Amino acid sequence: MRYYRRVLGLIASISICNASIRVARPIDGDLKKLLSSGATISYGASTAPRWSEFHAPQPGTIVSVATETDVEVTVQYCLEKNIPFFAQNGGHGWSSSWHLGENGLMINLRGLNTVVFNDDKTQARIGGGASIQEVIDAAYGNDVHVLTGNCNCVGYLGAGLGGGYGNLMGLYGFSVDNYLSINVVLANGSLVTVGPENEDLWWALRGAGPNFGVVTSIVSKTTPLPREQNMAWVGGLYFTEDKVEQIAQGIENLKLEAHMNIFLYFITSGTPDYMPTVLVTVFYYGTEADGRAAFKSILDIGPYTDTTAVLPQNQWNEGADGFCVKGERKPTYAAGFSHMVPSTWRQTWTAFTEFLKNPDTGSTSVVVECYSLDKARSIASDSASFPNRDVRFNGFVIAWYPDPALDSTAETFGSKLRDLWRADSELPTNRTYVNFAYGDETNDVVYHDSTTRLRQLKKQYDPNNIFNQWFNLQR
Ligand SMILES: Cc1cc2nc3c(=O)[nH]c(=O)nc-3n(C[C@H](O)[C@H](O)[C@H](O)COP(=O)(O)OP(=O)(O)OC[C@H]3O[C@@H](n4cnc5c(N)ncnc54)[C@H](O)[C@@H]3O)c2cc1C
């Protein structure tokens, strides 16, 4: 997901609760002595703020691990004491399916953030708590490509375990297509290494990972390349609102080659007047001349501002930094679809501008992501539980505001747009990328063809439904 500093640098200030200080509990002594010296235990959900406060989990205890064994020990402790728990990496999961409360425990994975390459730099072991920024910085510094998502703040594996869309997927497929092995703590408390030889778990973890365990690290394929080749033409094209239909049709008609992707945003100009505006971002892995030629049909529509530039890999995501702001409420509704129907995007624009009349909603946005899918589709659709290789567009709407009193208005707005996109999706059934889903979707919507086998494997590998916070497979 890319966004533009020009707008999001201006996002209104956020409210993150002050860390609460509580009396130490027995868990301190019991669990602390089992953990490595680098691990810590703290109390109160506000000590690990999340991207959205809307329906956020509220764990009473947070264990910040320092080693993969710390995760194993903590899961075993929770199993023994019957403590509900979940793992947090970047904290950007926006699902409203969380139900962890004060008696629950969060395993904060952020300490597991190392990225270690093999000698010829064709593989990297990436820790279960690494952020996308940490992976990209390591990749760029070592002159390799690793498939990551497009926002630096997001957890590399939080995004990847659900499938993992990213700028370079036209070349490498989805994140899950690049994994070579997975270290994971399973529902029985054991830390194991899963590879292609463990057919069922290997399939399940790559698409529905959070339902089957806590992944402590993975090994991913990486592609070495000379640094001077690690450049892309990226940036934003701003259009007046009368161009909405032309842009929708232009994106529909555009054939995305492997080096390309394109996003459409409805956003505002930010403070002070928060004027609604239309932004198209383009990504071309290569030269500006080739990029401009590839996106000529979009450029010909006539943007009023062009912020594109040729940038190295470690700066591709920077335009999105403002979008990483944590806190406030951000109920988000999404749908996958096969076609961009111009009239749908006019209706979406109208609903968007109407919602902006509510107070303090100026950071609200609508996004459509469109990636080159040929590489991903060349990989067998049943090779992983991730089910969305056939979905061409992912649209979502983030209603962003500070005041809980606006929740029901925001939910009505978000679900109305999701209904609109679903009605025009030209897909046989409703579909949503699990990492973009709101939380009320059935398993069939987020896991599609993989649902039956996932449910069977869930009974086998997690019969007591220990991992039940994220799009619960036993619903
Ligand atoms: C600003 C922003 C940008 C985004 N950009 C992209 C993008 O470019 N591509 C893309 O595909 N998606 C993107 N997303 C969606 C993103 O994939 C999801 O929000 C994802 O759930 C976030 O992962 P996280 O680790 O940050 O969040 P968390 O809330 O920490 O994790 C989300 C879920 O994954 C589980 N989880 C996290 N790490 C592990 C682990 N190591 N083992 C087991 N379970 C784990 C958590 O328990 C939780 O259930 C973006 C989201 C936001 C808010």
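Output yes when any residue across region 199-207 is open to solvent by 30 Å² or more (accessible area, probe 1.4 Å), more than 12 Å from the ligand (Cβ to nearest atom), assigned to a helix (DSSP H, G or I) and at pLDDT 95 or above, and no when none is. I'd like the intermediate steps shown before the answer.
Just the residues of region 199-207 that are open to solvent by 30 Å² or more (accessible area, probe 1.4 Å), to begin with: 199-200.
Add one more test, that the residue is more than 12 Å from the ligand (Cβ to nearest atom), and what stays is 199-200.
With assigned to a helix (DSSP H, G or I) added as a condition, the list becomes 199-200.
Keeping just the survivors that are at pLDDT 95 or above gives 199-200.
Looking through region 199-207, at least one residue is open to solvent by 30 Å² or more (accessible area, probe 1.4 Å), more than 12 Å from the ligand (Cβ to nearest atom), assigned to a helix (DSSP H, G or I) and at pLDDT 95 or above.
Check whether at least one residue in region 58-77 is part of a loop (DSSP other than H, G, I, E, B), away from the ligand (no atom under 12 Å from the Cβ) and at pLDDT 95 or above, and report yes or no.
Yes, there is a match, as at least one residue in region 58-77 is part of a loop (DSSP other than H, G, I, E, B), away from the ligand (no atom under 12 Å from the Cβ) and at pLDDT 95 or above.
Only one of Ala376, Ala399 is open to solvent by less than 10 Å² (accessible area, probe 1.4 Å), under 19 Å from Gly163 (Cα atoms) and within 14 Å of the ligand (Cβ to nearest atom); which?
Ala376
Please determine, by comparing only the residues of region 216-258 that are part of a strand (DSSP E or B) and open to solvent by 10 Å² or more (accessible area, probe 1.4 Å), which one is farthest from Val75 (Cα to Cα).
Only one residue tops the list, namely Met231.
Can you go through Phe471, Phe436, Phe467 and tell me which one is hydrophobic (A, V, I, L, M, F, W, C), within 15 Å of the ligand (Cβ to nearest atom) and assigned by TED's automatic domain parsing to the domain that holds Phe386?
Phe436
With (1) within 12 Å of the ligand (Cβ to nearest atom); (2) in contact with a helix residue (DSSP H, G or I) (Cβ under 6 Å, 6 or more places away or on another chain) as the list, and Met106 as the residue in question, which single condition is left unmet?
Just one mismatch for Met106, condition (2).
Can you tell me which residues in region 122-136 are within 11 Å of the ligand (Cβ to nearest atom) and among the hydroxyl-bearing types (Ser, Thr, Tyr)?
From region 122-136, those within 11 Å of the ligand (Cβ to nearest atom) are 126-132; that's our starting set.
Ser131 - this is the single residue of region 122-136 that is within 11 Å of the ligand (Cβ to nearest atom) and among the hydroxyl-bearing types (Ser, Thr, Tyr).
Tell me which residues, restricted to region 318-332, are in contact with a helix residue (DSSP H, G or I) (Cβ under 8 Å, 6 or more places away or on another chain), modelled with pLDDT of 95 or more and either open to solvent by 10 Å² or more (accessible area, probe 1.4 Å) or in a loop (DSSP other than H, G, I, E, B) (or both).
Correct list: Arg329, Pro331.
Val154: open to solvent by 10 Å² or more (accessible area, probe 1.4 Å), β-branched (Val, Ile, Thr), outside the structural domain of Ile62 (by TED's automatic domain parsing) and within 13 Å of the ligand (Cβ to nearest atom), yes or no?
So Val154 passes the test.
Can you say whether Ser220 is of a type outside the set (Lys, Arg), over 25 Å from Arg50 (Cβ atoms) and either at pLDDT 95 or above or out of contact with any helix residue (DSSP H, G or I) (no Cβ under 9 Å at 6 or more places or on another chain) (or both), as far as the supplied structure shows?
Considered against the rule, which asks whether it is of a type outside the set (Lys, Arg), over 25 Å from Arg50 (Cβ atoms) and either at pLDDT 95 or above or out of contact with any helix residue (DSSP H, G or I) (no Cβ under 9 Å at 6 or more places or on another chain) (or both), Ser220 comes out as yes.
Looking only at region 110-130, count how many residues are open to solvent by 10 Å² or more (accessible area, probe 1.4 Å) and either assigned to a loop (DSSP other than H, G, I, E, B) or in contact (Cβ under 8 Å) with a residue 40 or more places away in the chain (or both).
Number satisfying all stated conditions: 13.
Scan region 43-53 residue by residue and report those that are within 12 Å of the ligand (Cβ to nearest atom) and either farther than 15 Å from Glu102 by Cβ or among the basic types (Lys, Arg) (or both).
Result: Pro49, Arg50, Trp51, Ser52.
Just a yes or no: is a residue in region 168-181 more than 22 Å from Asn314 (Cα to Cα), out of contact with any Asp or Glu (no Cβ under 7 Å at 6 or more places or on another chain) and part of a strand (DSSP E or B)?
For region 168-181, residues more than 22 Å from Asn314 (Cα to Cα), out of contact with any Asp or Glu (no Cβ under 7 Å at 6 or more places or on another chain) and part of a strand (DSSP E or B): present.
If Gly270 passes every condition in (1) of a type outside the set (Lys, Arg); (2) within 26 Å of the chain's Cα centre (by Cα); (3) at pLDDT 95 or above but one, which one does it miss?
Result: Gly270 passes all but (3).
Would you be able to say whether some residue in region 140-150 is assigned to a strand (DSSP E or B), touching a residue at least 12 places away in the same chain (Cβ under 8 Å) and away from the ligand (no atom under 11 Å from the Cβ)?
Within region 140-150, one or more residues are assigned to a strand (DSSP E or B), touching a residue at least 12 places away in the same chain (Cβ under 8 Å) and away from the ligand (no atom under 11 Å from the Cβ).
Being over 22 Å from Glu369 (Cβ atoms) and in contact (Cβ under 8 Å) with a residue 60 or more places away in the chain is the filter here, so list the residues in region 435-454 that pass it.
Arg453, Leu454, listed by residue number.
Among the residues of region 392-424, how many are in contact with a His (Cβ under 9 Å, 6 or more places away or on another chain) and either assigned to a loop (DSSP other than H, G, I, E, B) or at pLDDT below 95 (or both)? If you could, list the steps in order and put the result at the bottom.
First pass over region 392-424, keeping only residues in contact with a His (Cβ under 9 Å, 6 or more places away or on another chain): 392-393, 424.
From what is left, the residues that are either assigned to a loop (DSSP other than H, G, I, E, B) or at pLDDT below 95 (or both) are 392, 424.
Of the residues in that region, 2 qualify.
Polar (S, T, N, Q), over 17 Å from the mean Cα position of the chain (by Cα), under 21 Å from Val63 (Cβ atoms) and away from the ligand (no atom under 13 Å from the Cβ), is that true of Asn188?
yes
The values are calculated or read from the model by the stated rules, or taken from the named source; none is laboratory data. As the structure is a prediction and not an experimental result, all values here were calculated from the model. Note that each Cβ is placed from the backbone with ideal geometry, even for glycine, and that neighbours are counted across all protein chains shown. Side chains are part of the model used for accessible areas, which takes the heavy atoms of the whole protein and leaves out ligands, DNA and RNA. Shrake-Rupley method; radii C 1.70, N 1.55, O 1.52, S 1.80 Å.
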